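Peer 1: Below you'll find the structure I mean.
Since every read-out is calculated from the coordinates, none of them should be taken as a lab result. The structure presented is a predicted model; accordingly, all values stated were derived computationally and were not measured. Note: ideal-geometry Cβ built from the backbone for every residue, glycine included; neighbour counts use all protein chains shown.
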Amino acid sequence: MTKMKSIVSYAVLIIASFLSAFPLYYMLCGATNTSIDVVRGRLYPGTYLAENFKTLVGMQNLGLAMFNSFRNAIIITFVALLVCSIAGYGFEIYHDKGKDILMNILLLA
């Protein structure tokens, strides 16, 4: 029974790993293929990475997009740290049954 349980566990982990990594692989394949190949669902890398990157840089302001992404990431991280620190302090200082139930629900989420 233990061997069957470990086989099932490994099968679930392999499927979960594939499902987690597949979007990244598909994105990389999409970056190296033409638009028509992406629409057709081609699942292997192509040879158009340089041309696609030149098109991206020519059509969009890539520097501004990267700046906006970094700015948003830094601001959101700072706000999340601030809010979570205050919430963590409140959870540690004040003790009652309702807080314990809410904390368990948050940990499950």
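Peer 1: How much of the pair distance distribution for segment 34-74 lies past 16 Å, counting alpha-carbon pairs only, in percent?
Peer 2: Every Cα pair in segment 34-74 considered, those over 16 Å come to 54 percent.
Peer 1: Oh, and also: Show the residues, 5+ positions off or on another chain, whose built amide H is closer than 5 Å to the amide H of THR32.
Peer 2: GLY46
Peer 1: Let me know the Rg and Dmax you get for segment 61-109 when you use only its Cα atoms, in Å.
Peer 2: Computed over the Cα atoms of segment 61-109, radius of gyration and Dmax are 16.7, 53 Å.
Peer 1: Once both labels are modelled 7 Å past Cα along the beta-carbon direction, what's the ALA50-ILE86 spacing in nm?
Peer 2: Placing both labels 7 Å along Cα→Cβ, they lie 5.3 nm apart.
Peer 1: Out of ALA31, ASN61, TYR44, whose Cα points farthest toward the positive end of the dipole of the chain (charges: +1 Lys, Arg; -1 Asp, Glu; placed on Cβ)?
Peer 2: Of the options given, the answer is TYR44.
Peer 1: Taking Cα centroids, how far is segment 48-95 from segment 3-40 in Å?
Peer 2: 25
Peer 1: While we're on this one: Rounded, prolate or oblate: which fits segment 1-60, taking a ≥ b ≥ c as square roots of the Cα gyration tensor eigenvalues, rounded meaning a/c under 1.5, else prolate when a/b beats b/c? Each step should come with its number before you reach the end.
Peer 2: Numbers: a/c = 5.02, a/b = 3.58, b/c = 1.40.
Verdict is prolate for segment 1-60.
Peer 1: Multiply the residue separation of SER6 and ALA109 by 0.36 nm, subtract the distance between their alpha-carbon atoms, and state the gained length in nm to one decimal. Don't skip to the answer; put the middle values down first.
Peer 2: Numbers: separation 103, 0.36 × 103 = 37.08 nm, distance 2.58 nm.
Answer, rounded to one decimal: 34.5 nm.
Peer 1: What does the charge add up to near TYR48, with Lys and Arg as +1, Asp and Glu as -1, over the other residues with Cβ less than 13 Å from its Cβ?
Peer 2: Here the count lands on 0.
Peer 1: So what is the 222 nm mean residue ellipticity for the chain from helices alone, if each DSSP H run of at least 4 adds -39500 (n - 2.57) and you divide by all residues, rounding to the nearest 500 deg cm²/dmol?
Peer 2: Values: 5 runs with 91 residues, N = 109.
Value at 222 nm, helices only, nearest 500: -28500 deg cm²/dmol.
Peer 1: A follow-up question, please. Give, to the nearest whole percent, the P(r) tail of the chain beyond 25 angstrom, counting all Cα pairs.
Peer 2: In whole percent, the share of Cα-Cα pairs in the chain beyond 25 Å is 61.
Peer 1: Under a point spin-label approximation (7 Å from Cα along Cα-to-Cβ), what is the VAL39-LEU19 distance to one decimal in nm?
Peer 2: 3.0
Peer 1: Taking the Cα centre of the chain as origin, work out the dipole magnitude from +1 charges on Lys and Arg Cβ and -1 charges on Asp and Glu Cβ, in debye rounded to 20.
Peer 2: 280
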